[in-house]
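> After the structure tokens below, expect a handful of questions from me.
The values are calculated or read from the model by the stated rules, or taken from the named source; none is laboratory data. Just so it is clear, the structure is predicted and the values come from calculations on it, not from any experiment. Virtual Cβ from ideal backbone geometry, glycine too; neighbours counted across all protein chains shown. Note: areas computed on protein heavy atoms with side chains; ligands, DNA, RNA excluded. Shrake-Rupley method; radii C 1.70, N 1.55, O 1.52, S 1.80 Å.
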Amino acid sequence: MEELLEHFKKAEKISTEVIQFAKPLIKQDTKILDIAETIENKIRELGGKPAWPVNISINDIAAHYTPEINDTIVLKEGDLVKVDIGVQVNGCPWDRAFTICIGKKSHPLIDASSKALDEALKIMKAGTKVYEISEIVETTVNNLGFNVVRNLSGHGIEQYHQHAHPMIPNSKNTIQDELESGKVYAMEVFTTNGSGVVIESSPTGIFKYHGDKPVRLWEARKILEITKNEFDQLPFCKRWIKTITPLKLDIALRQLIEAGAIETYPPLKEQSNGLVAQTEETVIIG
Ligand code: MN
Ligand code: MN
């Protein structure tokens, strides 16, 4: 366990440096493909691995958008840009996210998510119950005039598992699970001026190893091998698999998804097209 915590602490250290590096990159007229790849390369340069493809989710997309291989999206003035960055060391992920409003110093939705996260972090210690964290988050956000995204949550983190037990919802609940000393948790607050529910959207750009299954194409078997050996069973994207042509990659991924060997993370969009901001931090309890 001590050794695992050392991996987490190393991931935290790299993450701190990467976040500082990343913030100035989020500016007008920049391609999000270049931003994601620059951040991912910085993580590798510092001795970590991206724990998942850098998520760059704009406006009513709350999460899980990562640039496609030939992505042409460019940031424009007023965009509310959520950047979610995972750094992993030996499969131990450190999970952080921030939001920037292009061309503006801040945005009321960003201020609300950051304030609610601060309030949550203040009470997150051994013995704190999940419902207490959710309650302080939703109350803080509502008092500032916005909604939380009710079907998004903070979560535990374990080696090889970016989302572990328990879920820590943004909205009030009665979950009695307690935070435990020596364990790692990510808390993330999503605020919106919309109804507060996200639904799955497209195109899906994030995938994750699920289990070994027999598949026909050698490219599919190769992908499965890479997800275990290089990506440590954590989420990945097509951009990261350069040894297979994009056309074959699509066919092989489809085969793996149909076989149940790979799971997918489609982009999550606010259902009423509300704007969404996100702030996230990871902590080790105790
Ligand atoms: Mn995250
Ligand atoms: Mn998270």
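> How far is helix 2-22 tilted, in degrees, relative to the longest principal axis of the Cα atoms in the chain, given as a value from 0 to 90 rounded to the nearest 10?
Orientation of helix 2-22: about 80 degrees from the principal axis.
> Then there's this: Bin width 5 Å, origin at 0, all Cα-Cα pairs of segment 165-248: what percent of pairs per bin?
Over segment 165-248, the share of Cα pairs per 5 Å bin runs 3, 9, 15, 15, 14, 13, 12, 12, 6, 2 percent.
> Which of the three applies to segment 30-86, rounded, prolate or oblate, going by the alpha-carbon gyration tensor with a ≥ b ≥ c and a/c under 1.5 meaning rounded?
Because a/c hits 1.5 or more and a/b exceeds b/c, segment 30-86 counts as prolate.
> Find the relative contact order for segment 149-199 and round it to a whole percent, using C-alpha pairs within less than 8 Å whose residues are 6+ positions apart.
RCO, segment 149-199: 48 percent.
> Another one. What figure in square angstrom, to the nearest 10, would you give for the accessible area of residue 251 with a 1.4 Å probe?
70 Å²
> As an exercise, identify the trypsin sites (Lys or Arg not before Pro) in segment 159-262 lying in DSSP coil whose Cβ has no more than 10 other Cβ atoms within 10 Å.
Sites meeting the loop and neighbour criteria: 216, 242.
> Taking θ as phi - 60°, what are the ³J(HN,Hα) couplings along segment 75-83 by the Karplus curve (6.51, -1.76, 1.60), each to the nearest whole Hz, with x for Gly and Pro?
Result, rounded to whole Hz: 6, 10, 3, x, 4, 9, 10, 9, 10.
> In addition: Within 10 Å, count the other beta carbons around each residue, average over each peptide in 263-271, 94-102, and list them highest first.
94-102, 263-271
> To continue, here is another question. Helix 32-45 versus the longest principal axis of the chain: what angle, 0 to 90°, nearest 10, using Cα atoms?
Helix 32-45 sits at roughly 80 degrees to that axis.
> To continue, here is another question. What are the ³J(HN,Hα) values, in whole Hz, obtained from phi via the Karplus relation 6.51 cos²θ - 1.76 cosθ + 1.60 with θ = phi - 60°, for each residue of segment 169-177 in sequence order, with x given for Gly and Pro?
x, 6, 10, 4, 7, 10, 6, 8, 3
> Which three extents, in whole angstrom, do the alpha-carbon atoms of segment 206-264 cover along their principal axes, largest first?
Principal-axis extents of segment 206-264 (Cα, largest first): 23, 21, 18 Å.
> Pairs to check: 9/104; 23/49; 49/115; 76/208; 122/208; 23/238. Give those whose C-alpha atoms are more than 27 Å from each other in this structure.
Over 27 Å apart, Cα to Cα: 9/104; 49/115; 76/208; 122/208.
> By accessible area of protein heavy atoms, probe 1.4 Å, what ranking do 161, 64 get, highest first?
The most accessible residue leads, giving 161, 64.
> Under the rule of -39500 (n - 2.57) per DSSP H run of 4 or more residues, summed and divided by the residues of the chain, what mean residue ellipticity at 222 nm is obtained, to the nearest 500 deg cm²/dmol?
So the helix-based figure for the chain works out to -10500 deg cm²/dmol.
> Using Cα pairs under 8 angstrom and six or more residues apart, how large is the relative contact order of the chain, in percent?
Reported as a whole number, the value is 23 percent.
> In addition: What is the sum of charges around residue 15, taking Lys and Arg as +1, Asp and Glu as -1, for the other residues whose C-beta is under 9 Å from the C-beta of residue 15?
-1
> Something else: How long are the semi-axes of the equivalent ellipsoid of the chain, defined as square roots of 5 times the Cα gyration tensor eigenvalues? Whole Å, largest first.
For the chain, the ellipsoid semi-axes come out as 29, 23, 18 Å.
> Moving on to the next point. Rolling a 1.4 Å sphere over the protein heavy atoms, what is the accessible area per residue of the chain, to the nearest Å²?
44 Å²
> Using θ = phi - 60° and the Karplus form 6.51 cos²θ - 1.76 cosθ + 1.60, what ³J(HN,Hα) does each residue of segment 274-281 get, whole Hz, x for Gly and Pro?
x, 6, 10, 10, 9, 10, 9, 9
> How many percent of the accessible area of segment 206-264 is carbon or sulfur, using a 1.4 Å probe?
The computed percentage sits at 53.
> Please express the Cα-Cα pair-distance distribution P(r) of segment 1-118 as a list of whole percents, one per 5 Å bin, running from 0 to the bin with the greatest distance.
Going out from 0 Å in 5 Å bins, segment 1-118 shows 2, 12, 21, 23, 18, 13, 7, 3, 1, 0 percent.
> By a straight-distance test (C-alpha under 17 Å), which aspartates and glutamates pair with residue 10 as possible cross-link partners, with residues fewer than eight away in the same chain excluded?
2, 40, 45, 95, 158, 232, 281
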